[in-house]
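The values are calculated or read from the model by the stated rules, or taken from the named source; none is laboratory data. All values derive from a computational prediction rather than experimental measurement. Ideal geometry is used to build each Cβ from the backbone, glycine not excepted, and the neighbour counts take in all protein chains shown. Side chains are part of the model used for accessible areas, which takes the heavy atoms of the whole protein and leaves out ligands, DNA and RNA. Shrake-Rupley method; radii C 1.70, N 1.55, O 1.52, S 1.80 Å.
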Amino acid sequence: MPILWNILIVLALGALGYAVARRRIVAAVDGNTRVLHSLPNYYGWNAVMATVVPALLVMAAWLLIVPMLIESRIANALPDSAFGQEASRSLVMAEVRRVATGLASAVETGALSEALASDESLDPADLTTRLKDAGFVISQAITQPVLDAARALRSASAWASTAISIVVIALALAGFFYALTRTSITFRARNAVERGVLVLLLAASAIAILTTLGIVLSMLFETLNFFRAYDWQSFFFGTQWAPSFSGRGGGSDLGILPLLWGTLYVSLVALLVSVPIGLYAAIYMAEYASPRVRAFAKPLLEVLAGIPTIVYGLFALVTVGPFIRDAIAEPLGLGTSSSSVITAGLVMGIMLIPFVSSLSDDIINAVPQAMRDGSLGLGATKSETIRQVVVPAALPGIVGAVLLAASRAIGETMIVVMAAGAAAAQFADGAFLNPFEAMTTVTVKIVSQLTGDTDFGSPETLVAFALGLTLFVMTLSLNVLALYIVRKYREQYE
């Protein structure tokens, strides 16, 4: 049974439990609800929680754990003949999943009968031909071990789907009847519902924390696997980025310094554009602009934050890049490509202006008016008051805005792909200092290394996790530095 049907059945049982429990408690007191400990709605919501929450939690845990266990069992059962000279377990399992999906789709569309799909005597080459004739994309000829594993995966997945349906509906029914047995005059339904809501709130908080922990641990474990296959000194101090996919780890140079330099270079250019413009715009709107101008200019400026990054990338590719190349780079002999650091940084800086201006504007407006009045009363001009009183008082918020802009710049991918190119910086010829040269970033290479069929046994794929963990450490360091600055200046003005 499809997962959506399970969810709809559980929700329907929950709605039925709400109606039955509420009606039952009202009938138990002959309509005199004043003698009840709780309002009738609480008895209904108690039935909803008892019916829906355990069933959906078990289904979520099942969907996370059981597929991994099934694939792990099938992967361990694969014979050695399933692996070619260069194939790894992850690549073979990717092919197994594709074949299993193709078999299921072929049966559903009628291109292949269930009996034929399950026929163990069917030749893999014949099956490959049949699937291709039916319009299914098959990257390579199906081998017998892959076909056997795909059938086992399909069978186990079907069994798991049936089992989860039975378990979830049984739990929902058990919760439904349990809630009805507790629905009585002496039951304190409000207390039970409030405890249940408190548990759900704690679970939501725990999910957020555990998700962050899971992200870090997943990157950390895969990074450790990478460093088992590749020297960490060559990664952190290598000046060449030249991954080779001719073999598992053979002849690859995976130094992070060219990518790190490109990331910092593009981010620096973006911040040099966004921070002054955004901060000056915030000061103008907070201190100088009339209410009419502010009501018009602030929303118009914030529209920039809602533009998709792909649109910024197209703008850089079609307009900004060719203009910089034709007007500046080529006449000065600094470059001939429309993809460059300055193009990506300039467009990214435009994108970051609202992040700086909006937060800075809000924090400047939060500075007490008494500080401005005191400065003006001592004879300072308006500009001196802004420069020597308002901006220092608002500095913690301004630092937070700059940090947000920096984190956004470091993590940007699409603009860099379209405006700065995909080539890593070359330290040998000194071109890495030229802002009119093409240069890529860490995030772009994370995407490129994980695109397509990935072999998680090779350092060329695992390096993406090491790159991601490096970015995480960088942003964490920025947060710590910003927190230090914020606390220092808060102590001064509190």
Original post:
Mind checking whether some residue in the range 288-297 is part of a loop (DSSP other than H, G, I, E, B), open to solvent by less than 70 Å² (accessible area, probe 1.4 Å) and over 27 Å from Ala422 (Cβ atoms)?
Top reply: yes
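Looking at Ala316, is it in contact with a Gly (Cβ under 9 Å, 6 or more places away or on another chain), closer than 29 Å to Gln240 by Cα and surrounded by 14 or more Cβ atoms within 10 Å (Cβ to Cβ)? It would help to see each step written out before you state the result.
On the way: in contact with a Gly (Cβ under 9 Å, 6 or more places away or on another chain): no; closer than 29 Å to Gln240 by Cα: yes; surrounded by 14 or more Cβ atoms within 10 Å (Cβ to Cβ): yes.
No.
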**OP:** Answer yes or no: is there a residue in the range 391-407 that is assigned to a helix (DSSP H, G or I) and without any contact (Cβ under 8 Å) to a residue 12 or more places away in the chain.
**Re:** no
Subject >> Pick from the range 431-463, criterion closer than 30 Å to Asp326 by Cα and under 17 Å from the mean Cα position of the chain (by Cα), ranking: modelled with the lowest pLDDT >> reply: Ser448
**OP:** Starting from the range 341-366, take each residue that is modelled with pLDDT under 90 and list its partners that are among the acidic types (Asp, Glu) and open to solvent by 10 Å² or more (accessible area, probe 1.4 Å), counting only C-beta distances under 6 angstrom and pairs at least six apart or across chains.
**Re:** Pro354/Glu302; Ser358/Glu302
Original post:
Any residue in the range 166-184 that is farther than 30 Å from Pro2 by Cα and open to solvent by 60 Å² or more (accessible area, probe 1.4 Å)?
Top reply: yes
**OP:** Mind listing whichever residues of the range 92-114 are part of a helix (DSSP H, G or I), at pLDDT below 70 and open to solvent by 50 Å² or more (accessible area, probe 1.4 Å)?
**Re:** Glu108, Thr109, Glu114
Original post:
Phe187 versus (1) open to solvent by 60 Å² or more (accessible area, probe 1.4 Å); (2) aromatic (Phe, Trp, Tyr); (3) not in a helix (DSSP H, G or I): which is the lone unmet condition?
Top reply: (1)
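Hey, can you tell me all the residues within the range 366-390 that are crowded, with 16+ Cβ neighbours inside 10 Å and in a helix (DSSP H, G or I)? Even if it seems obvious, please write down each step before you answer.
Residues of the range 366-390 crowded, with 16+ Cβ neighbours inside 10 Å: 367, 372, 375, 380, 385-386, 389-390.
Correct list: Arg372, Ser375, Thr385, Ile386, Val389, Val390.
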Original post:
Before we move on, is Thr343 under 23 Å from the mean Cα position of the chain (by Cα) and open to solvent by less than 50 Å² (accessible area, probe 1.4 Å)?
Top reply: no
Subject >> Odd one out for Ala329 among (1) in a helix (DSSP H, G or I); (2) at pLDDT below 85; (3) under 28 Å from the mean Cα position of the chain (by Cα) >> reply: (3)
Subject >> Residue tally, condition open to solvent by 60 Å² or more (accessible area, probe 1.4 Å) and in contact with a helix residue (DSSP H, G or I) (Cβ under 6 Å, 6 or more places away or on another chain), over the range 52-68 >> reply: 0
Original post:
Could you list, in sequence order, the residues of the range 1-22 that are open to solvent by 40 Å² or more (accessible area, probe 1.4 Å), part of a helix (DSSP H, G or I) and either on the phi > 0 side of the Ramachandran plot or of a type outside the set (Phe, Trp, Tyr) (or both)?
Top reply: Ile3, Leu4, Ile7, Leu8, Ile9, Leu11, Ala12, Ala15, Leu16, Ala19, Val20, Arg22
Original post:
Ile307 passes all but one of (1) modelled with pLDDT of 85 or more; (2) over 27 Å from the mean Cα position of the chain (by Cα); which number fails?
Top reply: (2)
**OP:** Please state which one of Gly262, Gly214 is within 22 Å of Val463 (Cα to Cα), free of Cβ contacts under 8 Å to residues at least 24 places away in the same chain and open to solvent by less than 40 Å² (accessible area, probe 1.4 Å).
**Re:** Gly214
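Can you tell me how many residues in the range 425-447 are assigned to a loop (DSSP other than H, G, I, E, B) and either of a type outside the set (D, E, K, R) or farther than 14 Å from Ser340 by Cα (or both)? Show your work before the answer.
Of the residues in the range 425-447, the ones assigned to a loop (DSSP other than H, G, I, E, B) are 425-430, 434-441.
With the extra rule that they be either of a type outside the set (D, E, K, R) or farther than 14 Å from Ser340 by Cα (or both), the set shrinks to 425-430, 434-436, 438-441.
Counting residues in the range 425-447 that are assigned to a loop (DSSP other than H, G, I, E, B) and either of a type outside the set (D, E, K, R) or farther than 14 Å from Ser340 by Cα (or both) gives 13.
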Subject >> Residue identified as under 25 Å from Thr223 (Cα atoms), in a loop (DSSP other than H, G, I, E, B) and either of a type outside the set (Lys, Arg) or at pLDDT below 75 (or both) among Ala422, Ala466 >> reply: Ala422
**OP:** Please go through the range 23-51 and pick out each residue that is open to solvent by 30 Å² or more (accessible area, probe 1.4 Å), more than 25 Å from Ser161 (Cα to Cα), in contact (Cβ under 8 Å) with a residue 24 or more places away in the chain and part of a helix (DSSP H, G or I).
**Re:** Arg24, Ala28, Val35, Tyr42, Trp45
